[in-house]
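Visitor: Structure provided below as structure tokens; questions to follow.
The values are calculated or read from the model by the stated rules, or taken from the named source; none is laboratory data. On a predicted model such as this, the values are computed, not experimentally measured, just so you know. Every residue, glycine among them, receives a Cβ derived from its backbone with ideal geometry; neighbour counts consider all protein chains shown.
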Amino acid sequence: MSQTRGPVTVFSRHVVLNDFAAALLAGLPDNFELARPVAVICGIHNNFPRAVYKTHFTIAIQTEQLLDENAKALWGLRRPRIRKTLLKHLWHADLLLDLSPSNRAAYRWFPRFLQRRLRFGPHIFPQRAADYVPASSSRAVFIGELNARRTRLLEGLSTEGVDVVSGGLYGPALYSAIEANTGIVNIHNEAGVYTEYPRLLLAVNAGKPVFSEPLSKEFLPGQHYFGLQASPSQTELARVYRNMADLLTREYCFAQFLHRNVDSSSQQRTSDRQMLRP
């Protein structure tokens, strides 16, 4: 599937990533311009036609968690053929954006000229976040696939309870389903210290704060998000949401990332190819 806004076309091949792609484009300002058209590949574990890379300046986005902040290997690094997949996209794309700085060590064995194409950080957020949306319910909402760990932790939360949206709702229907809730619950797929940035993008677009297990070091509990057992007031919900939204839109704006990188990297692939000539 491809979606376009202005000079940016985003390619994705899964319903969840289609939603992610739409959110990326919606976060661009009106009348957004770049020096050249750009293709953005969402989810490099899927295969895309070679023509995408040959006919566009291409940025591939790596969304999987490979390592946590303590260098613990996570499920993304255990995927079959993960190194071959990373190498493929580093070779064919002009830039590869890995959302998690903790994943940096996973690329240490690549040639240096390919490492120059790497960018790290969750640069996927809109220029302007949605306003805080007050809750009409005392319940939070979990969005994502359930496993034994997530189910156990959800069952242990406060007696107020948590609504669960596990598949089947996307786009406007998903935002409508979470509008009444106090915030979005984030439970890691497996134990570790890391951040599910696409879920934070959903929260910023929905105007909702996040209740979570420990996130990456740039986020402070009580300032940018709540712990899972927190019971904040409406004033606290609005304050913490605004702190999170301000940080993400200021430091990790997708439009700013495109402006910083597209022009300066335009000749990178050509010069790298020249380095390999005998």
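Visitor: Inspect all residues belonging to the stretch 21-36 and state whether any of them is more than 19 Å from residue 259 (Cα to Cα), out of contact with any Ser or Thr (no Cβ under 6 Å at 6 or more places or on another chain) and basic (Lys, Arg).
Guide: No: the stretch 21-36 contains no residue that is more than 19 Å from residue 259 (Cα to Cα), out of contact with any Ser or Thr (no Cβ under 6 Å at 6 or more places or on another chain) and basic (Lys, Arg).
Visitor: If only one of 148, 191, 180 is among the small types (Gly, Ala, Ser) and in contact with a Ser or Thr (Cβ under 8 Å, 6 or more places away or on another chain), which one is it?
Guide: Of the residues listed, the single one that is among the small types (Gly, Ala, Ser) and in contact with a Ser or Thr (Cβ under 8 Å, 6 or more places away or on another chain) is 180.
Visitor: Only one of these is within 21 Å of residue 241 (Cβ to Cβ), over 19 Å from the mean Cα position of the chain (by Cα) and not in a loop (DSSP other than H, G, I, E, B): 173, 177, 203. Name it.
Guide: Residue meeting the stated conditions: 177.
Visitor: State which residue pairs qualify: first residue assigned to a helix (DSSP H, G or I) and surrounded by fewer than 22 Cβ atoms within 10 Å (Cβ to Cβ) and inside the stretch 94-114, second residue among the aromatic types (Phe, Trp, Tyr) and modelled with pLDDT of 95 or more in any location, beta carbons under 7 Å apart, and separation of 6 or more residues or different chains.
Guide: So the pair list comes out as 101/120; 104/120.
Visitor: While we're looking at this one, here's another question. So which of 204, 193 ends up being modelled with pLDDT of 95 or more, touching a Pro at 6+ places or on another chain (Cβ under 9 Å), crowded, with 22+ Cβ neighbours inside 10 Å and not assigned by TED's automatic domain parsing to the domain that holds residue 68?
Guide: That would be 204, the only listed residue that is modelled with pLDDT of 95 or more, touching a Pro at 6+ places or on another chain (Cβ under 9 Å), crowded, with 22+ Cβ neighbours inside 10 Å and not assigned by TED's automatic domain parsing to the domain that holds residue 68.
Visitor: Out of 264, 231, 216, report the one residue that is in contact with an Asp or Glu (Cβ under 8 Å, 6 or more places away or on another chain), modelled with pLDDT under 95 and not charged (D, E, K, R).
Guide: The match here is 231.
Visitor: Within the stretch 147-170, track down each residue that is assigned to a loop (DSSP other than H, G, I, E, B) and either of a type in the set (Gly, Ala, Ser) or touching a helix residue (DSSP H, G or I) at 6+ places or on another chain (Cβ under 8 Å) (or both).
Guide: Residues satisfying the conditions are 156, 158, 161, 166, 167, 168, 169, 170.
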